[in-house]
1. Hull surface divided by four, with the convex hull built on the Cα atoms of chain B: how many nm²?
2. Kindly state, as a whole number, the per residue volume in cubic angstrom of the convex hull around the alpha carbon atoms of region A:337-470.
3. For A:399, A:148, B:111, which order do you get if you count the other beta carbons within 10 Å of each Cβ and list the fewest first?
4. So how do B:330, B:345 line up by other beta-carbon neighbours within 10 Å, fewest first?
5. Nearest 20 debye, what's the magnitude of the dipole of region A:78-292 about its Cα centre given +1 on Lys and Arg Cβ and -1 on Asp and Glu Cβ?
6. Work out Dmax and Rg for the protein assembly as shown from the C-alpha atoms and quote the Rg first, both in angstrom.
7. List the lysines whose Cα lies under 29 Å from the Cα of residue B:266, skipping any in the same chain that are fewer than 8 positions away.
8. If I require 24 Å or longer along the helix axis, counting alpha carbons, and a Kyte-Doolittle average no lower than 0.0, what helices from chain B are left? Use full DSSP H segments.
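Derivation of every value follows stated rules applied to the coordinates shown; laboratory data play no part. Computed from a predicted structure; not experimentally measured. Please note: Cβ atoms are built from the backbone with ideal geometry, for glycine as well, and neighbour counts cover all protein chains shown.
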2 protein chains.
Amino acid sequence: MSDSARALLHTRPRVVSLGLPIFAQDLTRLAVPVVHAEWRPPAAGDPRLLAALERLEQRREIIERANAEALARLVHGEPVLVDCRPAWEALGLPPRTVLHAGPPIEWPRMCEPMRAAIVGAIRYEGWAANDDAAAALIERGEVTLAPCHHWQAAGPMTGVITPSMPVFVVENRAHGNRAHATINEGLGKVLRFGANDESVLARLRWLAGEAGPLLGAGLRTSGGLELRPLMAQALHMGDEMHQRNLAASALLARALMPHVARVGQKHGAVARLAEFIAGNDQFFLNIAMAAGKAMADPAGGVAHSTLVTTMARNGTDFGIRVSGTGERWFTAPVLTPVGLYFPGFSAEDANPDMGDSAIVETIGLGGGAMAASPAVARFLGAGGMAEAVAATDETREICLGEHPHFRIATLDERGAPAGIDVRLVVETGIAPLINTGIAGRRAGTGQVGAGVVRAPLACFERALLALAES
Amino acid sequence: MSDSARALLHTRPRVVSLGLPIFAQDLTRLAVPVVHAEWRPPAAGDPRLLAALERLEQRREIIERANAEALARLVHGEPVLVDCRPAWEALGLPPRTVLHAGPPIEWPRMCEPMRAAIVGAIRYEGWAANDDAAAALIERGEVTLAPCHHWQAAGPMTGVITPSMPVFVVENRAHGNRAHATINEGLGKVLRFGANDESVLARLRWLAGEAGPLLGAGLRTSGGLELRPLMAQALHMGDEMHQRNLAASALLARALMPHVARVGQKHGAVARLAEFIAGNDQFFLNIAMAAGKAMADPAGGVAHSTLVTTMARNGTDFGIRVSGTGERWFTAPVLTPVGLYFPGFSAEDANPDMGDSAIVETIGLGGGAMAASPAVARFLGAGGMAEAVAATDETREICLGEHPHFRIATLDERGAPAGIDVRLVVETGIAPLINTGIAGRRAGTGQVGAGVVRAPLACFERALLALAES
């Protein structure tokens, strides 16, 4: 017996326990000092996934070069808010076309709030007089449905966009591409959460008839508002820009109003718009989404890159797209958020996760930037600063880098984790954490709460297998 | 020799060192484990101060009751921004009166930038055609000088207010009192930093002729904007509201513009005002000061209370007032801030500390709330989050309590330290830390930088002796 082995018999054991916590718990009960380290086998020990990871490991150098390129495109985009125009004009959206959030999905598989928003939008456009007639148009194929993401757009929650709705236009000046999103309607009974009564359509008409044109004229006069510095600033002010957009909304309102006031002619219109913006702390969310899409799109199509370029949900499926596999979607059933509910609602009223807003997490904000936004951490476990920092630390484990422009003051200006890597998600089993609103699952209800949700791992596993085969 | 004493000879020494760090340093050099605890004798061992503290200790109960009352008045104020009107109207300020920052001071003892601001203001009012004639008016006693604090007002830096200047009106709805501050002019060459050329006076004329009346009309239409929730929100958004007012300024702009747009008639006036507000990240500072004064004034005049109700500087003296001693000032020579300078300026250009803006620290924000504002901590030592938290921790040692409304997200919603206690300042030797702008010491220069400064301990020592004698 060696000396060091002998020594073990003469000292108290000091134990490091890996994996299942049950061993550590037993030792603790026996008063044996133990340090427990969480450990899981890579890819949960799944042989197919391990083989795929191994195959990608053999191309490590080429993948890392591709990822560096894709990440650089993602984080160095320069989104500028340049205009607000009807979707038919800005997107060239043809008549009788309805865009929706998430990956492609057929009408019969859509969840109730998405169907409600679509028939509401058809009534708003005047293509049908009532919901039944609207549904019939879809069933007869006389209205085309398509994902926002296929039309240079990102739509929150149901994500519905029709040709006459005004959309913000964001230009990525580093790459020349554009992305679009509707004007945020506010909270509660709104189309994006599946409400579709007359009050909802009246607001949409005001947005199209007065607010949109005024915003557009003001933005064109301004020469464009740079969004990246504004978003970086808002991240220093407690916004993670998915659940919380208060700072970004107030900064945008402040930057926008001089231009709007300059072009405003119709008596009262400027005041009404200013009031609408002042009353909506999430006003900026849609703009963050258009900025996110404008920044993420150029990162797509880099051969061999394992960087995630899209995460989107349609209330039925969660879908991701990956740089190296281009336009292809990898989907899995979507989960339901855990959260806090408005008075009168509970988890039973919650629709599964929905919306293109996870583009915010795709570019390095939202759930992964929680350390910048301790107020939002109340949706997580114990809440507070430690939980917020833990969420960001965890996200760093599945990201390719840290954002050079989006930095977190509470972490001494360390960059937010950016560039989700399919390989790291599958290897660690850490699914991206997404901050989100919660829609009522019954048509017409609207928003019922807000919370957090995980992306389903299966999307990433499917993408990994495809990448390994390619 | 006892067993425990004997044991000391057989184990390695473990040392706790109190007081001067030199002992700990020696032990560290000898590789002896040592924990150093900073410790200073109370009141630096000064027998007169120790006797005064002892005398107050004998009245402990009555003082604590008084302090609880004064602190409750301080922290539960409800400041509402209700109007903007010329000082002659809002304050009843008589003709040929000039208000200035800090404790009372005669013309010959004033620093250069304060004198420059005063002669500039006299030219602006048209009481004299040039600086010499303006100075002559003062020397002949034909212009009256008085502290803002004696006129229900608080003035930043030189703090100059003359009758035609518009002032914001803040009403404390919990107590019925009002307080006032001018409209923040922006950065650089501005009257409050001692610049007084034609560009400075032209801006003052625009503020009085167009911006002030428009702000006033908008605020009167609004029915008043509640400032306490707005300030609490801004504290959650990285503002400590002295050095940094970005969130509060943007939130205020957002809340204000609908009302301003509603009343705006003159073509372009709304746009000019919106642009002016959007261009000034410190726009809210003056409003925070008026709110601070509105909250602090009712805390004054509580017999036996040792709570500080005013901290103000005139560039020559630092003055404090204490609840239990009412209107009496306790002054000492003011210190010069340490800070960061605008390009082309250095510490040699800095004027000693100036302005009534330390009212922000008096109500529990500014330097003591640094943990809410890590970005501002770059003015302190190494900067960053740890330094920011340390500044707040230190301030807690000299405060009577924690603010029930102003809470810090990074400290898991713990209240900002509030209610500076003269006894605690003297006992610990910790002088309040103040975040501040830095004026050029030569007339006409304007702002040269920003930084931090300590209140001089001597003010607190004098106040303590007076409290002990009373």
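1. Approximately 26.0 nm², given one-decimal rounding.
2. About 121 Å³ per residue, rounded to a whole number.
3. Exposure proxy ranking, most exposed first: B:111, A:399, A:148.
4. Fewest-to-most Cβ neighbours within 10 Å comes out as B:345, B:330.
5. 420 debye
6. Rg and Dmax of the protein assembly as shown, Cα atoms, are 31.5, 102 Å.
7. Within the straight-line cut-off, residue B:266 pairs with A:266, B:189.
8. Numbers: long enough: B:246-263 (25 Å, 1.21).
TM-like helix candidates: B:246-263.
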